[in-house]
Amino acid sequence: MSGPLSFNRRRFHAVLGASLVACSGLARAQDARLVLGQSAAFSGPAMQLGTQFHAGAKLHFDQLNARGGVNGRQIEIRHLDDGYEPDRCKANTERLIRDEVLALFGYIGTPTSLAALPLATAAKLPFIAPFSGAMGLREPFHREAFHLRASYDDETELIVRQLTVLGQNRIAVFHQNDAYGQAGLSGVTKALAARQLKPLATATVERNSSDVREAVARLGQLGRPGHRADRRLPGLRGLHPRGAQGGVWRQLLQRLVRRHAGAGRRTRQGRRRRGGVAGGALAV
């Protein structure tokens, strides 16, 4: 593989190591460790994101430590569980700052990262690799924030571009009812507006919840004969981003599939030909 993505993967350890060296002057001279503070979901529906992110980072740092660390210092990740809740994340961040960590690292999610970034900025601590593409973490610019993923505006622009190229112009949006979902909805709305389009409908799910019944009822009506949309959407495209509750998106799509399973022989035949089902939802 070649190109910028593969370069970043190969060079990530070198870039991060250089960043830690630059920051190491902030650490106390008598401390032989470089301590990174992480607040993430290690419990609740989103726990796999925090658990897997932490495990991957620790695997890398363990390898780096085995080679002597950074300038002879060992890297440690001190992690605290916030359950993907902003208030808990804020309390964790305040604790990590009091503990004089070198940098904040690997925060999971938009609402939690938005709660933590002002604290990092005030403390002048590096805020490295938040697992979020929200524009609120990028605008206005914060010199303490080091982003390693694309913005949600960039991601949703490419998703909408692909759908519209395929002729999917009637797009409904299913999103999480918090800052994370609003960031995704904003990106989709901007991408559609650039094509003189608007979301056909929106539906939400609460953070840390898997209750999608109301969303299913709302979006399911879009594909029913007699609905004011007056014709079926050309196909359901369920997009599963690296969001906090991937199982929720699957549950929504599965329920929509079941809702339309008995819509009639003609619809079923069309569904087999198209490889999709009646409806049109973009999960962000």
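Taking amide hydrogens as placed 1.01 Å from N in the peptide plane, the amide H of residue 38 sits under 5 Å from those of 78, 79, 80, 105, each at least 5 positions away in sequence or on another chain. Three principal axis extents describe the C-alpha atoms of the range 31-182; from largest down they are 58, 33, 32 Å. Find, among the trypsin sites (Lys or Arg not before Pro) in the range 93-158, those assigned to loop by DSSP (not H, G, I, E, B) with at most 14 other beta-carbon atoms within 10 angstrom. Sites meeting the loop and neighbour criteria: 124, 143, 149. With an 8 Å Cα cut-off and a minimum separation of 6 or more residues, compute the relative contact order for the range 26-98 in percent. Computed value for the range 26-98: 43 percent relative contact order.
Backbone phi angles across the range 190-204, fed through the Karplus curve with coefficients 6.51, -1.76 and 1.60 (θ = phi - 60°), yield HN-Hα couplings of 4, 5, 5, 4, 5, 10, 6, 10, 9, x, 5, 6, 10, 8, 10 Hz in residue order; Gly and Pro are listed as x. Residue-wise HN-Hα couplings along the range 144-153, as the Karplus relation 6.51 cos²θ - 1.76 cosθ + 1.60 with θ = phi - 60° gives them from phi, are 7, 8, 10, 8, 10, 9, 5, 7, 5, 4 Hz; Gly and Pro carry x. At what distance in angstrom do the alpha carbon centres of the range 65-136 and the range 194-215 lie from each other? Using only Cα atoms to place each centre, the spacing works out to 30 Å. Based on C-alpha pairs under 8 angstrom that are at least 6 apart in sequence, the range 103-229 has a relative contact order of 19 percent.
Calculated from the alpha-carbon coordinates, the range 30-72 shows an Rg and a Dmax of 13.0, 40 Å respectively.
Using θ = phi - 60° in the Karplus curve 6.51 cos²θ - 1.76 cosθ + 1.60, the 3J(HN,Hα) couplings for the range 172-183 round to 9, 10, 10, 9, 6, 8, 7, 4, 4, x, 5, 5 Hz; x is entered for Gly and Pro.
Quick note: the coordinates plus some simple rules give every number you see, no bench work behind them. Not measured: the values here are computed from a predicted model. Here the Cβ is made from the backbone with ideal geometry for all residues, glycine too, and neighbour counts use every protein chain on show.
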